[in-house]
Amino acid sequence: MIGATFPALYGLLGYPLGHTLSPPMHQAALAALGLPGTYEALPVPADRLAGAMAGVRAWRLPGLSVTIPHKVAVMAYLDEVTPLAQRIGAVNTIYWDGDKLCGDNTDYAGFRACLPPGTVAGQAVTVLGAGGAARAAVLALADEGAARVHLVARRQAAAEALRDQLLPGEQAGAIVPFEDLPELQRILAESRLVVNATPLGMHGKTAPLPGDALAALPADAHVMDMIYAPAETPLMAAARARGLAVSNGAEMLLHQAAFAFERWTGAQAPLAAMREALHAGLAEVDETRRTP
């Protein structure tokens, strides 16, 4: 068992993992509190997830983060899933409760912790995407009292399932394809907040929304991209050029990591140390991108 003769091993399950800044954040947290252990990126292709989870049990790894593409599939390998993660339909944190291997979703709390004030309660909002990240965001927006949550998605069936499961009654907004510009403009014209929960913009210069759609947003709208690297995504740059307020996913990443750390260790997460490590990592990523 890890921990009997070796330092505890924490890690991030996903594939690929070249962009992750979770290891420096969690390593800084462990160091700040003087806790033994290391946190490593653990790239696991989808066809090897079963073997990886068997290893988690065999070595009793004390805590894991989970990212794309495993947030849904990993639930089949757990003994229990929290009611919140069940509602969202995705797990991003694995921990032990006695001899039970359990799953939770801290994306929800991390997202709620960094919502721009005044943009959700009683307001219409738009979420781009219908995957695991979008599900956590939609549930958080519904619980924060959004008047309507519109969904923009390429997968109609996934978006309909998300709306039917998580958006009760009048909170259920429209479902709009990315290519339907008139409908995009219609829903964005009433939205105080736009949340990008897709990976579009993480690589290259592609924004999930065309400029003609962004032009429909009210002047006091906020555009929040859940991507954290690059620090300014194409969507954020286009919104900023329109004079809109923008934010990236760095603070969400920080807070969801802090909630996961507390699950694993029972100690209060050292946010200052984690934020410093995160910002240093982001600066390094941006410098690498600028280097020819």
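Suppose R0 equals 35 Å; then what is the FRET efficiency for ALA215 and SER247 from their Cβ-Cβ distance, rounded to the nearest 0.05? It would help to have the intermediate numbers written out before the result.
Working: r = 20 Å, r/R0 = 0.57.
That gives a FRET efficiency of 0.95.
Add -39500 (n - 2.57) for each DSSP H run of 4 or more in the chain, then divide by its residues: what number comes out at 222 nm, to the nearest 500 deg cm²/dmol? Provide the component values of the computation, followed by the final result.
Numbers: 11 runs with 115 residues, N = 292.
About -11500 deg cm²/dmol.
Starting from 0.36 nm per residue, how many nanometres of slack lie between MET75 and ALA31 once their C-alpha separation is accounted for?
On the way: separation 44, 0.36 × 44 = 15.84 nm, distance 3.02 nm.
That pair, MET75 and ALA31, stretches by 12.8 nm at full extension.
What's the magnitude of the charge dipole for the range 115-248 around its Cα centre, counting Lys and Arg as +1 and Asp and Glu as -1 at the beta-carbon? Answer in Debye, nearest 20. Don't jump to the answer; show the numbers that get you there.
Numbers: 10 positive and 13 negative charges, 48 e Å.
Charge dipole, the range 115-248, about its Cα centre: 220 debye, nearest 20.
Treat every Asp and Glu Cβ in the range 207-292 as -1 and every Lys and Arg Cβ as +1, leave all other atoms uncharged, and give the resulting dipole magnitude about the Cα centre to the nearest 20 debye.
Values: 6 positive and 10 negative charges, 8 e Å.
With Lys and Arg at +1 and Asp and Glu at -1, about 40 debye.
Which residues among the range 113-143 fall inside the zone where the amide N is under 13 Å from a point 7 Å beyond the Cα of GLU170, along Cα→Cβ?
122-124
In degrees from 0 to 90, rounded to the nearest 10, what is the angle of the helix 132-143 Cα long axis to the longest principal axis of the chain?
70 degrees
I'd like the distance separating the alpha-carbon centroids of the range 91-116 and the range 214-239, in whole Å.
Cα centres, the range 91-116 to the range 214-239: 26 Å.
For GLN268 and LEU84, compute 0.36 nm times the residue count separating them, minus their Cα-Cα distance, and round to one decimal in nm. Don't jump to the answer; show the numbers that get you there.
On the way: separation 184, 0.36 × 184 = 66.24 nm, distance 2.10 nm.
Contour length minus Cα-Cα distance gives 64.1 nm.
Computed from the coordinates by the stated procedures, all read-outs in this text should not be read as laboratory data. All of these numbers come straight from a predicted model, not from anything done at the bench. All Cβ positions, glycine included, derive from the backbone under ideal geometry; neighbour counts span all protein chains shown.
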